[in-house]
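**Q** Quick one: this structure, given as structure tokens, is what I'll be asking you about.
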């Protein structure tokens with residue numbers, strides 16, 4: 001047994017230990033545990049949120065893309081750096097209020113109730129299930145590669161082993177995936193990335209030295225058009241690269257759900273600040289590591305292995321193994337929550353709709369089939385024709401973003417937006433992104449799939465909105481309330497502590513008071 | 001005015017306590033609390049006995065209580081087992097029940113199962129057994145507030161404050 005295998009084994013046992021410890025502790029206060037992570041502060045929430053959000057992409061996809069294209073890759077990071085702020089500033093409060101008024105619990109139910117169409121709900125569910133699964137498959141590939149490098153086994157064995165572990169982890173999930181373990185992993189990952197960055201930069205002579213070396217290898221690596229000037233003059237590609245993570249988060253069901261579940265806006269605001277601060281080194285580092293890889297690892301067979309290879313190059317075996325274990329478990333944690341989500345969407349939002357009297361057992365079977373089905377398809381794809389992690393994530397992210405961004409934004413900002421317009425926006429946006437990627441139209445049209453999809457989605461809602469029925473009076477009233485003239489009267493310091501849990505009571509009491517006032521006026 | 005007897009979840013915060021909560025949060029803004037009116041909100045409280053058998057088998061075995069709002073039908077887990085008190089109040093201070101008890105029971109049962117499964121990520125079915133139920137009322141304060149806004153001048157708004165834990169929400173005029 002190698003040192004790395006022992007470290008990995010110990011790391012996993014350690015995680016289980018922490019999980020069991022918190023689990024026991026939670027026994028004393030079972031209701032508190034059930035009611036969710038109320039005790040977790042903004043910092044832990046933010047670190048947990050970020051560190052597990054894009055693990056496979058950040059450690060493998062991002063560096064590999066930078067390795068292949070040079071400084072151009074940083075356009076993705078520029079958008080990502082401001083993505084959370086744009087997301088919360090545009091949708092944040094309004095979406096939270098509207099979802100309260102609609103009584104929607106999931107982001108799909110929210111769209112369905114806002115646009116008053118169950119067909120839209122089914123379409124949204126289907127898009128989510130397919131492309132969230134693609135996202136998970138990218139994580140599988142990353143897990144296979146991380147494990148293969150760590151344990152010194154073949155990619156095939158590592159992949160099957162890794163996916164089996166992830167599936168098991170998902171089934172027994174709640175016990176290990178405690179926020180605190182994610183927090184500790186987050187710290188290890190960021191520290192590791194920053195230390196690798198510092199050591200890497202010192203080896204190549206800082207950013208200046210890095211650029212000089214890159215210029216010697218290929219001067220176009222420094223160009224804003226990408227290596228070999230492959231995107232020369234293609235502003236539509238640059239726009240897409242910046243926009244995808246700048247505005248695309250607003251179309252991700254698994255991200256916008258956070259607006260709906262915020263208990264109060266105060267924690268959300270602090271979490272946002274922490275996340276933004278945390279984001280900066282974490283977002284730019286992977287791409288710069290990819291650039292460092294071009295200089296230090298010129299003959300690497302698989303560019304997705306830049307970060308693991310650098311870890312082994314700079315650190316003694318034990319530390320490198322800890323870093324890779326943290327990467328592996330972060331990937332597991334991301335896959336776990338996404339797999340659970342796809343299982344739930346398929347069983348509740350699709351299956352139960354067609355079979356209203358479905359028993360608990362049937363729902364469970366459907367959920368499990370979805371999870372294991374994704375596992376099997378994932379293994380098949382990852383074994384026979386593994387796509388690049390970067391490409392797959394950008395594809396899945398792009399289709400989800402283009403499908404849902406416009407309907408989510410229009411839901412709170414446009415009183416005219418109706419079900420026909422929203423469905424057209426989803427089909428045109430997601431479909432265009434899909435076709436653009438599948439037929440590789442990016443270079444021919446000089447336009448990024450995300451940019452093309454966004455334009456198609458906006459046109460879709462503008463054109464087809466004319467054909468659908470207007471939203472009902474109740475929905476229009478809700479949109480007014482979400483914009484909330486009454487909230488504007490309330491001082492900010494009081495408003496930030498408003499409890500979401502009391503929304504139904506506040507709605508009922510407001511109606512009760514209105515009725516009382518009416519009776520009083522009549523008398 | 002007709003008086004009726006109801007069981008409330010807990011003695012309410014006093015107007016002074018409610019006022020202190022808001023005054024602590026107002027920070028630099030001016031805030032005047034002009035009036036306090038108490039109302040009572042109906043819930044169906046159901047206690048369940050829950051058993052799950054996953055890895056650490058005692059994890060979730062125990063009592064879980066659920067409150068179903070009898071006006072809107074919204075469900076929530078009750079965070080604490082509070083002491084209950086029987087009081088006599090004027091009937092116009094009590095919100096009328098709009099959800100029938102059978103419907104509330106069904107909603108509560110589905111809610112508790114979904115919550116357990118969702119929170120615990122359990123992929124096996126938790127065993128949930130009904131233990132006890134009763135209709136209870138929660139005291140709330142309707143607070144009329146006034147602020148003096150720099151640009152907009154004097155502004156009035158209403159808050160609804162939970163008389164048990166002091167949490168609040170804005171009322172729509």
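**Q** Within the stretch A:347-359, which residues are exposed (fewer than 14 other Cβ atoms within 10 Å of the Cβ) and within 14 Å of another protein chain (Cβ to nearest Cβ)?
**A** A:356, A:357, A:359
**Q** If you don't mind, there's one more thing I want to ask. Are any of the residues in the stretch A:62-77 on the phi > 0 side of the Ramachandran plot and either part of a helix (DSSP H, G or I) or at pLDDT 85 or above (or both)? Show your work before the answer.
**A** We begin by selecting, within the stretch A:62-77, every residue on the phi > 0 side of the Ramachandran plot; these are A:70.
From the residues that got through so far, the ones that are either part of a helix (DSSP H, G or I) or at pLDDT 85 or above (or both) too are A:70.
Yes, the stretch A:62-77 has at least one match.
**Q** Modelled with pLDDT of 85 or more, under 21 Å from the mean Cα position of the chain (by Cα) and not in a loop (DSSP other than H, G, I, E, B) - does that describe any residue in the stretch A:267-283? Steps first, please.
**A** If we filter the stretch A:267-283 for residues that are modelled with pLDDT of 85 or more, which is where we start, we get none.
No, the stretch A:267-283 contains no residue that is modelled with pLDDT of 85 or more, under 21 Å from the mean Cα position of the chain (by Cα) and not in a loop (DSSP other than H, G, I, E, B).
**Q** Residues of the stretch B:16-41 being buried (at least 21 other Cβ atoms within 10 Å of the Cβ) and more than 9 Å from chain A (Cβ to nearest Cβ), which ones?
**A** Of everything in the stretch B:16-41, those that are buried (at least 21 other Cβ atoms within 10 Å of the Cβ) and more than 9 Å from chain A (Cβ to nearest Cβ) turn out to be B:18, B:40.
**Q** Then there is this: Is it the case that residue A:327 is more than 13 Å from chain B (Cβ to nearest Cβ), under 30 Å from residue A:4 (Cβ atoms) and surrounded by fewer than 22 Cβ atoms within 10 Å (Cβ to Cβ)?
**A** Numbers: more than 13 Å from chain B (Cβ to nearest Cβ): yes; under 30 Å from residue A:4 (Cβ atoms): yes; surrounded by fewer than 22 Cβ atoms within 10 Å (Cβ to Cβ): no.
Criteria not met by residue A:327.
**Q** Go through the stretch A:338-360 and report how many residues are in a loop (DSSP other than H, G, I, E, B) and farther than 18 Å from residue B:126 by Cα. Spell out how you get there, then give the answer.
**A** Of all residues in the stretch A:338-360, those in a loop (DSSP other than H, G, I, E, B) come to A:355-359.
From what's left, farther than 18 Å from residue B:126 by Cα: A:355-357.
Counting residues in the stretch A:338-360 that are in a loop (DSSP other than H, G, I, E, B) and farther than 18 Å from residue B:126 by Cα gives 3.
**Q** Right, next: Consider residue B:46 carefully, then state whether it is in contact with a strand residue (DSSP E or B) (Cβ under 9 Å, 6 or more places away or on another chain), more than 10 Å from every other protein chain (Cβ to nearest Cβ), at pLDDT 90 or above and surrounded by 19 or more Cβ atoms within 10 Å (Cβ to Cβ).
**A** Values: in contact with a strand residue (DSSP E or B) (Cβ under 9 Å, 6 or more places away or on another chain): yes; more than 10 Å from every other protein chain (Cβ to nearest Cβ): yes; at pLDDT 90 or above: yes; surrounded by 19 or more Cβ atoms within 10 Å (Cβ to Cβ): yes.
So residue B:46 fits the description; yes.
**Q** Next up: Considering only residues that are without any contact (Cβ under 8 Å) to a residue 40 or more places away in the chain and buried (at least 18 other Cβ atoms within 10 Å of the Cβ), which ones fall in the stretch A:365-402?
**A** A:366, A:367
**Q** Check A:510, A:486, A:499, A:493 and return the single one that is modelled with pLDDT of 80 or more and either at the interface with another protein chain (Cβ under 8 Å from one of its Cβ atoms) or closer than 23 Å to residue A:417 by Cα (or both).
**A** Values: A:486 fails: modelled with pLDDT of 80 or more; A:499 fails: modelled with pLDDT of 80 or more; A:493 fails: modelled with pLDDT of 80 or more.
Of the residues listed, the single one that is modelled with pLDDT of 80 or more and either at the interface with another protein chain (Cβ under 8 Å from one of its Cβ atoms) or closer than 23 Å to residue A:417 by Cα (or both) is A:510.
The values are calculated or read from the model by the stated rules, or taken from the named source; none is laboratory data. Since we're looking at a predicted model, the values are computed, not measured. Cβ: placed from backbone, ideal geometry, glycine included. Neighbour counts: every protein chain shown.
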